[in-house]
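Okay, so here's the structure we're looking at.
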Amino acid sequence: MKFDTSKSYSFSFPTNIRFGINVVSELPAYLKANKLKYPLIVTDPIIKELDFFKRIIRLLGNEGINVTVFSEISKNPVKSDVIKGVSVFHDEECDSIVGIGGGAALDVARAIVLGAYHERDLFDYDDLIGGDKYVTEIVPHFVTIPTTSGTGSEVGRSAIISEDESKKKRILFSPKLLATQVFADPALTYDLPANVTAATGMDALTHNMEAFIAKNFNPLCEGIALEGIRLISENLEQAVNNPNETSRANMLMASMMGAIAFQKGLGVVHSLAHPLSSLLDTHHGLANAVNIPYGMKFNYPGFEAHFERIAKTLNLKEETGEAVVSWLFELNSKINIPHKLSAIGVKPEHIETLADLAFADFAHPNNPKPVSREDFKQLYLEAL
Ligand SMILES: NC(=O)c1ccc[n+]([C@@H]2O[C@H](COP(=O)([O-])OP(=O)(O)OC[C@H]3O[C@@H](n4cnc5c(N)ncnc54)[C@H](O)[C@@H]3O)[C@@H](O)[C@H]2O)c1
Ligand SMILES: [Fe+2]
């Protein structure tokens with residue numbers, strides 16, 4: 001997208017990030033310095049049982065900080081999870097919120113930040129119906145600590161929460177929902193299983209690639225996205241198959257870069273992926289991973305110059321969209337992601353509903369080229 005001389009634009013990169021091995025041990029001192037003694041720690045039921053989580057809770061306890069842990073959240077978080085969390089926040093008279101986890105836990109934490117002092121129904125704040133205008137009250141002090149390298153939700157300003165019944169994804173957004181402080185500690189990702197590393201890493205790659213080619217004008221984000229793509233191309237395979245400190249740290253950095261970059265917009269791949277989570281409870285990253293080669297194949301005709309830059313960044317011999325698509329399929333093979341939707345539970349009878357949901361999704365209006373319902377159907381059929 002070129003600069004339109006008749007328009008003006010706003011850019012914003014304001015998050016405080018502490019990045020490094022063991023930065024999480026700074027959390028107790030940080031809370032004390034901000035006179036916060038009663039944090040609500042929001043996580044998920046699996047992380048709650050992991051050693052690093054118990055160590056963080058011990059560190060806080062040792063410093064006299066009274067912790068309440070809330071971990072009753074769904075794999076793809078729903079509104080009732082958030083409502084429960086808001087009740088616990090008030091019942092325990094908490095003074096701050098610390099999200100520790102992957103995108104699911106961090107999104108619930110962010111939605112509790114919103115719900116704590118905002119009394120309307122949660123989905124009145126849905127950004128797609130202009131709900132951000134109601135985000136007018138104060139919000140609790142909010143700290144995020146990522147434990148996956150994927151969504152980059154720790155640096156985001158939106159939370160994706162589904163309706164309990166329909167599982168439709170709603171998006172809560174406000175600059176007020178940015179974390180005040182991020183502790184991005186690669187050591188927390190060392191024990192991520194290979195399949196989660198692969199799926200979350202492909203989510204980060206999808207953010208960077210879709211942001212780079214998205215319609216909006218934002219050269220700052222484009223620069224960040226290209227560097228995010230480079231880091232992932234050089235580190236994801238290692239982080240999945242033979243992880244070391246460097247590959248884990250680079251993936252954590254690249255995932256934050258993806259989330260910063262996608263203020264510019266996402267596209268067709270996220271719209272293909274979201275309905276899989278709604279309908280079949282597919283993990284968000286896995287849904288993106290399987291769909292990204294097909295989405296990028298759809299996108300490159302007409303956008304050759306964008307793909308030439310991606311191919312250059314990937315150091316491919318042929319600087320074409322086709323070469324980028326082949327590279328995506330090869331990367332998926334190397335990290336054990338299937339090439340076909342049928343391998344992750346999609347059946348022919350799902351296609352019509354998936355196409356309806358994808359067409360109604362919020363991500364594709366920023367895709368470089370328009371995507372019709374028929375395009376979505378064809379893309380699903382091709383990937384099936
Ligand atoms: N807010 C945003 O901007 C944004 C962007 C993209 C996706 N999302 C949302 O994020 C969610 C997906 O997040 P995710 O991909 O990080 O996955 P996740 O949070 O669902 O975590 C995946 C799995 O890994 C486990 N896990 C997390 N950290 C671990 C660790 N260090 N060691 C071992 N296991 C660990 C979790 O318990 C879970 O079972 C979806 O709900 C999606 O809608 C949000
Ligand atoms: Fe994503």
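The values are calculated or read from the model by the stated rules, or taken from the named source; none is laboratory data. The shown structure was predicted, so the numbers you read here are calculated from the model rather than taken from an experiment. Because the Cβ atoms are built from the backbone with ideal geometry, glycine has one as well, and the counts that use them run over all protein chains shown. When the accessible area is computed, the model is the full protein with side chains, heavy atoms only, and any ligands, DNA or RNA have been set aside. Shrake-Rupley method; radii C 1.70, N 1.55, O 1.52, S 1.80 Å.
Things to note:
- Most mobile listed residue (ALA360, ALA259, ALA116) in the chain, GNM with C-alpha springs under 10 Å: ALA360
- Ranked from largest to smallest solvent-accessible area, with a 1.4 Å probe on the protein heavy atoms, ASP126, ASP91 come out as ASP91, ASP126.
- Entries in LYS75/LYS347; LYS133/LYS176; LYS54/LYS169; LYS297/LYS377; LYS2/LYS369; LYS84/LYS169 that, when Cα-Cα distance is taken, lie over 20 Å: LYS75/LYS347; LYS54/LYS169
- On the basis of the beta-carbon distance and an R0 of 22 Å, TYR134 and GLU165 show a calculated FRET efficiency of 0.45.
- Among LYS312, LYS169, LYS369, residue whose mean-square fluctuation peaks in a GNM of the chain (springs only between Cα atoms under 10 Å): LYS312
- For the stretch 175-332, the spread of Cα coordinates along the three principal axes comes to 41, 39, 35 Å, biggest extent given first.
- Solvent exposure of the chain as accessible area per residue, Å², 1.4 Å probe: 41
- Computed over the stretch 279-384, the ratio Rg/Rh where both radii use C-alpha atoms and Rh is Kirkwood: 0.97
- Fraction of C-alpha pairs exceeding 19 angstrom in the stretch 206-271: 31 percent, rounded to a whole number.
- Where labels lie 7 Å past Cα in the beta-carbon direction, separation of GLU63 and SER12 in nm: 2.8
- Given charges at beta-carbon only (K, R positive; D, E negative), |dipole| of the stretch 146-274 in Debye: 500
- Residue (of ALA261, HIS90, LEU280) at the positive-pole extreme of the chain, dipole from beta-carbon charges: ALA261
- Extension gain, GLU318 back to LYS37 (0.36 nm per residue minus Cα-Cα distance, nm): 95.5 nm
- Once you divide the Cα radius of gyration of the chain by 2.2 N^0.38 Å, the number left is 0.95.
- Inter-site label distance for ASN216 and LYS340 at 7 Å from Cα along Cβ, in nm: 3.8
- Mean separation of Cα pairs under 8 Å and 6 or more residues apart, divided by the residue count, gives the chain a relative contact order of 15 percent.
- Share of carbon and sulfur in the accessible area of the chain stands at 52%, probe radius 1.4 Å.
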